[in-house]
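Down below is the structure, laid out as structure tokens.
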Amino acid sequence: MANETTYKKSVEEAIGNPKLSRALHLFGDAYLIARENAFKGLDFQEMRTELAAIKDEVRVRRKELLAEFIKNAEAAGSKVFLARDTKEANDYVIKLAKEKGAKLIAKSKSMVSEEAHLNKALEAAGIRAAETDLGEWIVQLAGQRPSHMVMPAIHMFKEEVAQLFSKEAGKHLAPEIKALVDHARERLRKEYFNADIGLTGANFLIADTGGIGLVTNEGNARLCATLPRVHVVFAGIHKLVRNIEDAIKITRLLPRNATGQLLTSYVTWIRGGVPVDGKQKEQHIILIDGGREALYESKACQDALRCIQCGACANVCPVYQTVGGHVFGSIYISAIGIILTAFYEGLDKAKEITRACIGCRSCVAVCPSKIDLEEIILHLRNEVSKEYGIGVIKNVAFKAVMKNRSLFHNLVRAASKLQLPVTQKNRSDESGPRIIRHLPLHFMAKDYTEWRDLPAIAEKPFRDQFETIVQNVAKPLYRVGFFVGCGADFVYPEVGVSLIKVLNSFNVEVVFPKDQNCCGIPALYSGDTETGEYLAKQSVQAFTDAGVDYILCICPTCTMAVKRDFVERLADHPQWSAKAMALSNKTMDASAFLENVLGASFKLNATGPARDITYHDSCHLKRGSGVFREPRALLASSGHKVTEMKNSDRCCGFGGTYSFLSHPQISRQITKDKVETILATGVKTVATDCPGCMIMLKGAVGKADATIRCAHTMELLAESLEMKK
């Protein structure tokens, strides 16, 4: 409980510092542009696939390659020590320092030394550790830890740095970048010459040479490695590569993905001890396990050790940009940090941050090693749930209610009646569905309705309307099964009605298997795999019995559930796995079906007046299913002019239960950013293809400007067809 309380307090403090979030957003925006320019003319997908294969081979051959590296490093004169954990690694450095009578160790940037808390261990032994990386020196002076793997002091502003430097220098220093950098350069230069030992990390441990590779933007690593008479390499065993060719391939990716640079300022290759003043230099290479072997052995999580520590998963993460790395991480931050924290520091330490991930898949899209970070985090969240539970509310909702389809649907119908006292007409759409604009304070109104309207549960769910819909399709081109999803079924049934109108206009018949249930993603994302599997079986059977040509979804999360999660969760169930795979192969998003199967944008040719709209890319639609061109093509062919908003694929902040139960404060800030980008376009209609995003955007945009409408693409297409008539 203390850990949870501390975590919640840190979230509140971070959100209470809007300057931090603004700075991280500015960096994130600039990073996206720089990264895009850096990869121009290159095939990122091909490069990341090759890197993943390189890293996978290292995993398979790691013991052989480790032995090869040690043999070649020792042949080059290096001393190699294999540490089982960070304590053994620290003890080796301290013992070495005492043998040499060393009082000062000059360090370049090393995340594994942060993981080992090496500086504290050295201080306790009477040895001073001098950080020489500018960012690391800043956080050392501040008594903090890095908030980013590549840019340790990104959370600090020049005014704060000026205060730190002024205190250290004993004189006032102006908060000007050049003056601060000049002071750091002059101050840190002395450390290289005075140091008895230089310590660096390693980006690469090259097996076939026994050498190391360093990729840095400051010359400090090269100076730490060459000027002192003793060089210590502090590195995790996962930094192994087969040869220098592999290292060079990674070097082509690392700076581009980390900072948007074509190449870093310094790329250094070192093999053995480099002579100093004519005397032979000592090189000690400390190879640290510290939980890495256990991670290699984890089938569900082992891909995480493909990581090259570029930090890109933080650069694009909406949660990181909202609260920073001191909240969303431990030693390692953001998505990769969740996984490494669980294995290096223990599941208890990672418990809260596994739940902080909103599941937007931004990290997956930019990872140069092709790690499905979201999927690994979901696995860890399930492990956390097994150990610590998912909470009373979720436990009842998932296990007692959602698994019982009849009970679930009847309770929703009852709720539609009970909600009437707190619902009202939508000011921007009097003829549309009702909304909940205000909740009584005891319903956590601050988190729920102070900053957004909530949609009311539909008076009549889609499943109760379907049988009354007349489909005039005599000889259908296709019979498609409609996986409605909870959002469209119980909140926005008009979207499902619109889909049928559009499909019927293309001579496609819609089948609705009534035995389908929730896709199970809310349970899976909360760590309740057992309920997720149970719900998957219900829907798999319902659609198998339907015998349709395709299965269409109007919710991207449901699409991912059927295409990916049903297959993965039921893989070990012989009686279900083949059925799940068959359904996966014929499931797609409705807009993708319309465009890619029916060629709808070439046939719509709407004659109605053009409407200026902007389009929000759902996380799971674009990054989960690769669908983003299709809805735009359909909207354009329907007579609409699409004005692109800034960062159209940045998360809206919904995340299902994330915005209601897990982290409504973080969600609120993420949504605020999205609303600002929508308002900046000046348009009056926002289109999206996700009922979950509609819940968030209708509510938050409606609160900010009641004249702006948020609609599903299928609604706009149906309206266009009606205008055409």
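The values are calculated or read from the model by the stated rules, or taken from the named source; none is laboratory data. Keep in mind that what you see is a predicted model, and the values were worked out from it rather than measured. Neighbour counts are summed over all protein chains in view; Cβ atoms, including those assigned to glycine, are modelled from backbone coordinates with ideal geometry.
Of all the residues in the stretch 669-688, those that are within 23 Å of I554 (Cα to Cα) and more than 20 Å from the chain's Cα centre (by Cα) number 7.
In the stretch 300-318 there is no residue matching the filter, namely being assigned to a strand (DSSP E or B) and more than 24 Å from L118 (Cβ to Cβ).
Among the conditions (1) within 29 Å of the chain's Cα centre (by Cα); (2) at positive phi, K586 misses just one, which is (2). Against the condition within 21 Å of L524 (Cβ to Cβ), out of contact with any Leu (no Cβ under 9 Å at 6 or more places or on another chain) and surrounded by fewer than 21 Cβ atoms within 10 Å (Cβ to Cβ), how does A546 come out, does it pass? In short, no. Restricted to the stretch 340-349, and to residues there that are crowded, with 22+ Cβ neighbours inside 10 Å and touching an Asp or Glu at 6+ places or on another chain (Cβ under 9 Å), the residue that is farthest from K672 (Cα to Cα) is Y344.
The rows are residues; the columns are (1) more than 12 Å from the chain's Cα centre (by Cα); (2) touching a residue at least 40 places away in the same chain (Cβ under 8 Å).
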| residue | (1), (2) |
| --- | --- |
| G272 | yes, yes |
| I285 | yes, yes |
| G311 | no, yes |
| V323 | yes, yes |
| A350 | yes, no |
| I358 | no, yes |
| I377 | no, yes |
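Kindly indicate whether any position in the stretch 36-43 is assigned to a helix (DSSP H, G or I) and either assigned by TED's automatic domain parsing to the domain that holds H238 or over 21 Å from the mean Cα position of the chain (by Cα) (or both).
yes
Scanning the stretch 477-530 for residues that are on the phi > 0 side of the Ramachandran plot and either assigned to a loop (DSSP other than H, G, I, E, B) or hydrophobic (A, V, I, L, M, F, W, C) (or both) yields N507, G520, G527.
Listed here are the residues, each with its yes/no results for (1) of a type in the set (S, T, Y); (2) more than 28 Å from A53 (Cβ to Cβ); (3) crowded, with 21+ Cβ neighbours inside 10 Å.
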site	(1), (2), (3)
G260	no, no, no
S265	yes, yes, no
W269	no, no, no
I286	no, yes, yes
L295	no, no, yes
D303	no, no, yes
G337	no, no, yes
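The helices (runs of 4 or more DSSP H) found wholly in the stretch 116-216 and carrying at least 3 residues that are touching a strand residue (DSSP E or B) at 6+ places or on another chain (Cβ under 8 Å) occupy 118-124, 134-142, 177-194.
When I371, I358, I353, I377 are checked against the criterion of being within 21 Å of N3 (Cβ to Cβ) and part of a loop (DSSP other than H, G, I, E, B), I358 stands alone in meeting it.
Filter the stretch 69-101 for residues that are hydroxyl-bearing (S, T, Y) and in a helix (DSSP H, G or I) and give the result. T86, Y92, listed by residue number. The set of residues in the stretch 654-711 being in a loop (DSSP other than H, G, I, E, B), surrounded by fewer than 23 Cβ atoms within 10 Å (Cβ to Cβ) and in contact with a Lys or Arg (Cβ under 8 Å, 6 or more places away or on another chain) consists of L661, S662, K684, A706, T707, I708.
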